Structure formats: C-alpha cells, structure tokens
Amino acid sequence: MLSTRQIDRYRSQGFIVVEDVLARDVIGELRAVTDGFVERSRALRESDDVFDLEPGHTPEKPRLRRLKSPASHHPAYARALRHPKILDIVAQLIGSGIRYNGDKLNMKCAGFGSPVQWHQDWAYYPHTNDDLLAVGVALDDMTVENGCPVMIPRSHLGPVLDHHQNGVFIGAVTDPRFRPEPVVATEVRAGGVTIHHVRTVHGSEPNRSDRQRRLLLFQYCALDAFPLLGVTDWDAFNACVLRGEPTCEFRAEAVPVRIPRLYAEGGGSIYDVQSLLERPFFERTNR
C-alpha cells in the first residue's frame, strides 16, 4: 500500500516509483515467459497483431520491441494485470472501482531499443474524466543507461499538448512551445513499478547499455471514466472491469481534451506512428 506521502507526490508531480511490489518468483516467471515469446519471434519477418519487431530483426538476432496485449496471450501476464498488490495501489489513486483499458510489454534490447518520443497517454484515449494511470512493472533493473521512462513533473496539471503533424495524429508532442524540462528519470529495481498519470508527459531514450530493459505496462481507469471516442462493444467493455460492478453512469469532469484524429497513414503501434515524426527529440541508436 502507498503512504500518504507517496499519494501526495503522485497527485502533485504526476508520477511515482514504488519498489518491491512483485515478488522475485513472479518476476522470474514473467521473464521466462517473455523469453519464450522472443524465441517465437524468430520465425517472423514482419510485425503482426502480437509481435512488434525492431528494424533489423532477424531469426539469428531477434529484436522484439513490443508484445501487444500480453495479458491476452499468456496467463502469467493476465495474473500480473490482476495482481492484488497492484490493484490495491491503483485503488488508492483512482478509487475502488477499476477497469483496465490496455496492456503491452515494451522491450529495449541491449545496445539499441527504439526510443519513445515525448507524449501524453491522454492524447491517445481521452475519457470523461482523467482518473486514469499506467503501471509499469519492471522485469529488469531500469536505469538511465538502459532507457528507463523519463517524466516531466507537474505536466499532468497543464494542457493537452498538440500531438498532430500536418493535420494528422502523430503520437508525439509537436507543440513548438514545448520544452522538455525539468526531466526526472524513473529508475527502479526489477519487481518495482512506475506509475504515471494519464496526462503526464513522458518518454524514453534508446538503450545504450549492455543490459536489456523490459517493462510490462498496464493501463487502468476509474470505473466511471468512459472513453470519449465511444464504446463499440458493451460486453467487451464490461469484461475489462477488474473491481466493482459495471455501470452505465459515467462521471464527467472539466478536463482539457484533444481528439486524436486523423491517424497518420501507415501508423500502427506508437513506434510506427512516431517514426514519421519530422523532428524527434530522441534519436535511435544504430548499434
């Protein structure tokens, strides 16, 4: 459980780091399962609905940068998504009723690993209120050198920055007034978690170390936060409820919103969309 100081820091800064949330055996299982998916990726020549491959991926040197919706593809990830210690922490920040609205496993292999440009998650999926957050479970020790997430404190209290380029959604901050400062690195040991508010500006640099960095990300929202882009499948929407009972009553708050339309042509994952950015903040490494 979080202390009052940690809760206050999350509310004032827009993110926190919590060490030693998941036990060593849980992390060991998640690592082993992830290694299995990396092995499976050797057979692929291009990204698909499950695997997002780095440029330069080969069967001999597999470079998997994202596993899409991992909780749908292995029970170990599904258990982590629903882990009571994680949900107890989330409940302290957004309330007892919890729904999840996405998950992914982002990987930065040693010596390369695609960067993630500055962005706000809120720009991708605005809701009727902003009681949404992302929990990042560190499967490896995360440091500045291997590309830990970096955050801009108090940015969740400001505007929704423009994420469009030439009239289309590009998935990264393009506002010419944006200055990424100050920047705080969320270094954390394996088994710990990072937590950031849905409006916090964040990103990550390439992995410039000889150690891999695997981060399992779970997106959670308050039960009464409804997506502004609409619900297309009511049963699937309610199936994402983790705590509490499904409701058809949403809570609307006066929060700033930009609708992410239209998506850039050829865009897929955040890496694909951001690769079209004309002036990226973080450059890829060619190692």
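If you scan segment 34-81, which residues turn out to be polar (S, T, N, Q), in a loop (DSSP other than H, G, I, E, B) and in contact with a Leu (Cβ under 7 Å, 6 or more places away or on another chain)?
SER47
Looking for something over 20 Å from LYS68 (Cα atoms) and small (Gly, Ala, Ser) - is there at least one such residue anywhere in segment 153-164?
yes
If only one of PHE250, PHE218 is part of a loop (DSSP other than H, G, I, E, B) and surrounded by 14 or more Cβ atoms within 10 Å (Cβ to Cβ), which one is it?
Selected residue: PHE250, the only one of PHE250, PHE218 that is part of a loop (DSSP other than H, G, I, E, B) and surrounded by 14 or more Cβ atoms within 10 Å (Cβ to Cβ).
Checking ASN106 against (1) crowded, with 23+ Cβ neighbours inside 10 Å; (2) in contact with a Cys (Cβ under 9 Å, 6 or more places away or on another chain), which test does it fail?
(2)
Quick one: how many residues across segment 82-98 are under 15 Å from PHE218 (Cβ atoms) and part of a loop (DSSP other than H, G, I, E, B)?
Of the residues in segment 82-98, 2 are under 15 Å from PHE218 (Cβ atoms) and part of a loop (DSSP other than H, G, I, E, B).
Somewhere in segment 99-109, is a residue modelled with pLDDT under 95 and part of a loop (DSSP other than H, G, I, E, B)?
The answer is yes; a qualifying residue exists.
Quick one: in segment 220-271, which of the residues that are hydroxyl-bearing (Ser, Thr, Tyr) and within 20 Å of the chain's Cα centre (by Cα) is modelled with the highest pLDDT?
TYR220
Restricting to segment 170-225, and then to whatever is in contact with a helix residue (DSSP H, G or I) (Cβ under 7 Å, 6 or more places away or on another chain) and aromatic (Phe, Trp, Tyr), can you tell me which residue is farthest from GLY111 (Cα to Cα)?
This residue is TYR220.
Which number in (1) over 20 Å from the mean Cα position of the chain (by Cα); (2) crowded, with 19+ Cβ neighbours inside 10 Å marks the one condition that LEU2 misses?
All conditions pass for LEU2, except number (2).
Which count do you get for residues in segment 189-211 that are modelled with pLDDT of 95 or more and touching a Gly at 6+ places or on another chain (Cβ under 8 Å)?
Total satisfying the criteria: 8.
Checking LEU67 against (1) touching a residue at least 60 places away in the same chain (Cβ under 8 Å); (2) touching a Phe, Trp or Tyr at 6+ places or on another chain (Cβ under 6 Å), only one condition comes out false. Which one?
For LEU67, the failing item is (1).
I'd like to know if segment 68-78 contains one or more residues that are under 15 Å from TYR271 (Cα atoms), at pLDDT 95 or above, within 13 Å of the chain's Cα centre (by Cα) and surrounded by 20 or more Cβ atoms within 10 Å (Cβ to Cβ).
no
Testing GLY14 on (1) surrounded by 17 or more Cβ atoms within 10 Å (Cβ to Cβ); (2) over 21 Å from the mean Cα position of the chain (by Cα); (3) not polar (S, T, N, Q), one condition comes back false. Which one is that?
Of (1) surrounded by 17 or more Cβ atoms within 10 Å (Cβ to Cβ); (2) over 21 Å from the mean Cα position of the chain (by Cα); (3) not polar (S, T, N, Q), only one is false for GLY14: (2).
The values are calculated or read from the model by the stated rules, or taken from the named source; none is laboratory data. Quick caveat, the model's predicted, so the values are computed rather than measured. Virtual Cβ from ideal backbone geometry, glycine too; neighbours counted across all protein chains shown.
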